[in-house]
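Student: The following block contains the structure, expressed as structure tokens.
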Amino acid sequence: MELIETPLKDCWLIKNTIIGDERGYFLESFNHRKFSNLTGWEGQFVQDNQSASGYGVVRGLHFQRGEFAQAKLVRVLLGKVLDVAVDLRSDSPSYGMSFSVELDESNEYQLFVPRGFAHGFSVLTEKAVFFYKCDNYYNKASESGIHPFDPTLNIQWKIDPATAILSAKDKEAQSWQQYLAEL
């Protein structure tokens, strides 16, 4: 397991060690002791989630507020996505900044997204299966989001906004300016 720093404070890209031979491969996708030693993060993951989506789907930018905020460790089991994290922590040196990385079934990278971030992804292949661990349980009353195509954030999703497939909730999500006005 190798830790790669991103421009966002406390948000890390993790490169897994893959052991392969004629039978296929093996990798340890998570080891709390190794992860904690590399990152200093002492949290515990309590919930695993998985989604399957087709090309052009954009999910996000999602986050949970207050005591229900979640840290996530995300990876792709099948296909390819552009994964995006936005730092929402007003006291952070990377506040308001975003980071994106392609995650796919062959590079076996994972992205650690700490609490206080918005997160989303776009599907770049015919199908993608996305998997993530959370350190807090989902709470519907605390969920929120920022519109993924907000012009202020200017995230390049590698999907044409005119043909992107968004949920009704994401289509109606607040703008970055509306989010700032709520603070």
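Student: First select every other residue whose beta carbon is under 10 angstrom from the beta carbon of residue 13; then total the charges, Lys and Arg +1, Asp and Glu -1.
Tutor: Numbers: positive: 15; negative: 2, 5, 83.
Neighbour charge sum, excluding residue 13 itself: -2.
Student: Another question, then. Build a GNM of the chain with springs between Cα atoms under 10 Å: which of 71, 141, 85 gets the top mean-square fluctuation?
Tutor: Result: 141 has the largest fluctuation of those listed.
Student: For the range 8-108, what is the charge dipole size about the Cα centre, in debye to the nearest 20, if Lys and Arg each add +1 at the Cβ and Asp and Glu each add -1 at the Cβ?
Tutor: Its charge dipole is roughly 180 debye.
Student: With a sphere of radius 10 Å drawn around the Cβ of residue 73, what net charge do the other residues whose Cβ falls strictly inside it have (Lys, Arg +1; Asp, Glu -1)? Walk me through the numbers on the way to the answer.
Tutor: Numbers: positive: 72, 75, 133; negative: 48, 135.
So the environment of residue 73 carries a net charge of +1.
Student: Whose amide H sits under 5 Å from the amide H of residue 61, counting only residues 5 or more places off or on another chain, with H placed in the peptide plane?
Tutor: For residue 61, the qualifying residues are 146.
Student: What whole number of Å gives the distance from the Cα centroid of the range 1-24 to the Cα centroid of the range 108-183?
Tutor: Rounded to whole Å, the Cα centres lie 22 Å apart.
Student: Can you pull the Kirkwood radius for the chain, inverse mean 1/r over Cα pairs, to one decimal in Å?
Tutor: Working: mean 1/r = 0.0594 Å⁻¹.
With all distinct Cα pairs of the chain included, I get 16.8 Å.
Student: Something else about it: Dipole of the chain, Cα-centred, from +1 at each Lys and Arg C-beta and -1 at each Asp and Glu C-beta, to the nearest 20 debye?
Tutor: Numbers: 18 positive and 24 negative charges, 50 e Å.
Around 240 debye, computed over the chain.
Student: Compare the peptides 54-63, 115-124, 13-22 by average per-residue count of other Cβ atoms within 10 angstrom and give them in order, highest first. Please report the intermediate quantities before stating the final value.
Tutor: Working: 54-63: 20.9, 115-124: 23.8, 13-22: 12.1.
Descending packing order for the listed peptides: 115-124, 54-63, 13-22.
Student: Then there's this: Relative contact order for the chain: what percent, with Cα pairs under 8 Å and sequence separation of 6 or more? Walk me through the numbers on the way to the answer.
Tutor: Numbers: 397 pairs, mean separation 51.4, N = 183.
Relative contact order here is 28 percent.
Student: Ordered by residue, what ³J(HN,Hα) values in Hz, to whole numbers, does the range 62-73 give under the Karplus form 6.51 cos²θ - 1.76 cosθ + 1.60, where θ = phi - 60° and Gly and Pro are x?
Tutor: In residue order, the calculated couplings are 9, 7, 10, 8, x, 5, 9, 3, 10, 8, 9, 10 Hz.
Student: Here is the link list: 80/133; 9/133; 9/34; 9/171; 15/171. Which ones come out longer than 23 Å on Cα distance? Intermediate values should be presented prior to the final figure.
Tutor: Details: 80/133 18 Å; 9/133 20 Å; 9/34 20 Å; 9/171 28 Å; 15/171 33 Å.
As for pairs spanning more than 23 Å Cα to Cα, those are 9/171; 15/171.
Student: So who's got an amide H within less than 5 Å of the one on residue 135, skipping anything under 5 residues away but keeping other chains? H placed 1.01 Å off N, in plane.
Tutor: Hits under the 5 Å cutoff: 46, 71.
Student: Within the set of other residues whose C-beta is less than 11 Å from the C-beta of residue 97, count the net charge using Lys and Arg as +1 and Asp and Glu as -1.
Tutor: Details: positive: 9, 89; negative: 87.
Charge balance near residue 97 sits at +1.
Student: Hey, another quick one. Given Cα pairs under 8 Å that are at least 6 residues apart, what percent is the relative contact order of the range 143-183?
Tutor: Details: 25 pairs, mean separation 24.4, N = 41.
It comes to 59 percent, rounded to a whole number.
Student: Give the aspartates and glutamates reachable from residue 169 as a straight Cα distance under 13 Å; neighbours fewer than 8 places away on the same chain don't count.
Tutor: 143
None of the figures in this text is laboratory data; all of them are computed from the coordinates on show. What you are looking at is a predicted structure, and each value in this text was computed from that prediction instead of being measured. Neighbour counts run over all protein chains shown; Cβ positions are idealised from the backbone, glycine included.
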